[in-house]
Every structure is written in structure tokens, then in C-alpha cells.
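Remarks on the structure that follows.
Every number here is computed from the coordinates shown, using simple stated rules; none is lab data. Note that the structure is predicted; figures quoted are calculated from it, not measured. Note: ideal-geometry Cβ built from the backbone for every residue, glycine included; neighbour counts use all protein chains shown.
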Amino acid sequence: MNEHRVGMHRGRGQRLSEIIRLLHSGITRVEDLAVAVEVSESTVRRDLASLEAEGAIARTYGGAQPFAPFRETLLQERMSLEVAAKARIGAAAAELVEDGATIFVDAGSTTSHLVENLRGREGLTVLTRGIEIALTLADSRIEVIVVGGAVSPSSHGLTGSVTQLVLERFAVDIAFLGCDAVHPDRGVGEPTIEEAATKEVAARNARRTVVLAHAAKLTPGSVPAWAPLPPGWTLVTDESIRSRLEPFREAGVDVVPVATGDRED
């Protein structure tokens, strides 16, 4: 099987989305998945390991099942997953930021790529609940404001009543949100109700809200808590399969697909 030929037509993010769709349709064995997406069984096994780390699936003997018991992935783990996709999403999101803007940047691995693309900018104000986000911008010419709150041991994001109180006091041009999952009906999925509520408050006083999510996150999985995804919000994603994006557009979400780039294995 010529994987390089197939790779010209399907990026890794697209392939992960297709694997999730196939699992939902009842195709669960590694060898059957490999035939369906036209890559080797070893590549499928690596894809399944990545999806399991994201909490999107559960591995089984010889294959996988679509939903795993939810396990929030540690930030250190997430920083090494889907790096190329997150970098493209972060770069595309940074292009939405105008000079002189005040923005909220969520904690997370994809938003870390967003702020890397802002480091050379001047005249911006960044409000964030992410410790790593603040440290990344600490030596730049960007004004950084860190909200207070309790530190999540997995995401290193600040959350809770103090965080929400501070966020209520600020109006921002754009709120950039990360997520554990995103769904056109259920909304933005998070590991706890506190995290979901924090995102909802962050978006409340924003002129525009932008959700950053790579293709594997466009599924509800077993994520336990949800914030709304109302019409008028923007989704920046590397997903390019029309059938996966159309439900978001039908729900009134502005979808900004980014180029998938070269295939990753």
C-alpha cells in the first residue's frame, strides 16, 4: 500500500476524524480501519493511541471503541499531541487579532501556539487564566494580566469564583477559548463544570468569541461538562471534511478551516 500517495489527499487531522467516524459506524478492528483510511495497521495503531490520549476513544483488544471514560489529559502530554495542527490553528487565530486589541486567551496547548504568534506584536493587552500563557508573553511588549483563582493540576489554568469575578470586570475584543471537545449542539466541552462556567463568563463580555479545536476534538466523547456554542461564535479548526463542518455552519457558527499541510505519521 502506498501511504505517500494517500497522504497527498488526507492530512493526519482528517484521518483522525475519519477514524472516529468509522468507529461510530461500527468499524472497530485495526485491520478494517487501515483498509478504510488506506494506511498501514501500524499507522492506525499510532492514530488510535493519539485519540485515546485525547480521551476521544477507548482502546480494545485488536481495535477501539468510540467513547472512553473521560480522563483529562495533562498539559505536558497535550503539548506533544497534534503539534503541527495546533501550530496552524494558532497561526490562523493570531491573524484575527488587530493592533491595539484587548483579548482573553484561555489556558491550553493550542492557545499556547496562538500566543507564540503574538510575541512580536506591540500595543496588545492579553488577559489570561493560563500560567504558561502568561510566562510565554512575560518578556514581550504585550501587557499581560493574569486572573486569579485556583490552579488546575492538569491544565495549569486558573478557575473558580475568583477567576469568574475578575473576568466579569473586563470587556475584551476577542475571547480565544480552548476546549476538550466541541459539538454543534452540545457546545464547548470541558472536564469540570467550573471550567465550563469560566469559559462562558470569559465569552460573555467579548465582542467576538473564537474556539480553537483540532479535528479530533469535533466529537462529544464522554466529556462531562459543557458551555454553550451560540450562533455568531467562530470555530478555527484543521478539520476539512464538509460533513463534519456543515452542522456547525447550520448552527450559525462561523467556521474558519486552516490548511491541513503535509501528512503526519
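The table for this structure:
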| quantity | calculated |
| --- | --- |
| Efficiency of FRET between SER40 and ALA171 - r from beta-carbon atoms, R0 45 angstrom, step 0.05 | 0.30 |
| q = 0.25 Å⁻¹, the stretch 134-191: log10 I(q)/I(0) [Debye, one scatterer per Cα] | -1.27 |
| Table column - 3J(HN,Hα) (Hz), the stretch 204-213, Karplus curve with 6.51, -1.76, 1.60, x for Gly and Pro | 4, 9, 9, 5, 9, 10, 10, 9, 9, 7 |
| The chain: most fluctuating residue of VAL146, VAL255, VAL162 per GNM, C-alpha cutoff 10 Å | VAL162 |
| Amide H within-cut-off set for GLY157, under 5 Å, with H built and near neighbours excluded | SER152 |
| Net dipole in debye of the chain [+1 Lys, Arg Cβ; -1 Asp, Glu Cβ; about Cα centre; nearest 20] | 200 debye |
| Potential extension, SER25-LEU135 segment - 0.36 nm per residue separation minus Cα distance | 35.3 nm |
| Net charge over other residues, Cβ less than 15 angstrom from the Cβ of GLY148 (K, R count +1; D, E count -1) | 0 |
| Relative contact order for the chain, counting Cα pairs under 8 Å that sit 6 or more residues apart, in percent | 19 percent |
| Along each principal axis, Cα extent of the stretch 75-257, largest first, Å | 42, 32, 32 |
| Inter-centroid distance (Cα atoms) of the stretch 157-217 relative to the stretch 85-154, Å | 14 Å |
| Computed helical MRE - 222 nm, the chain, DSSP H runs ≥ 4 contributing -39500 (n - 2.57), nearest 500 | -10500 deg cm²/dmol |
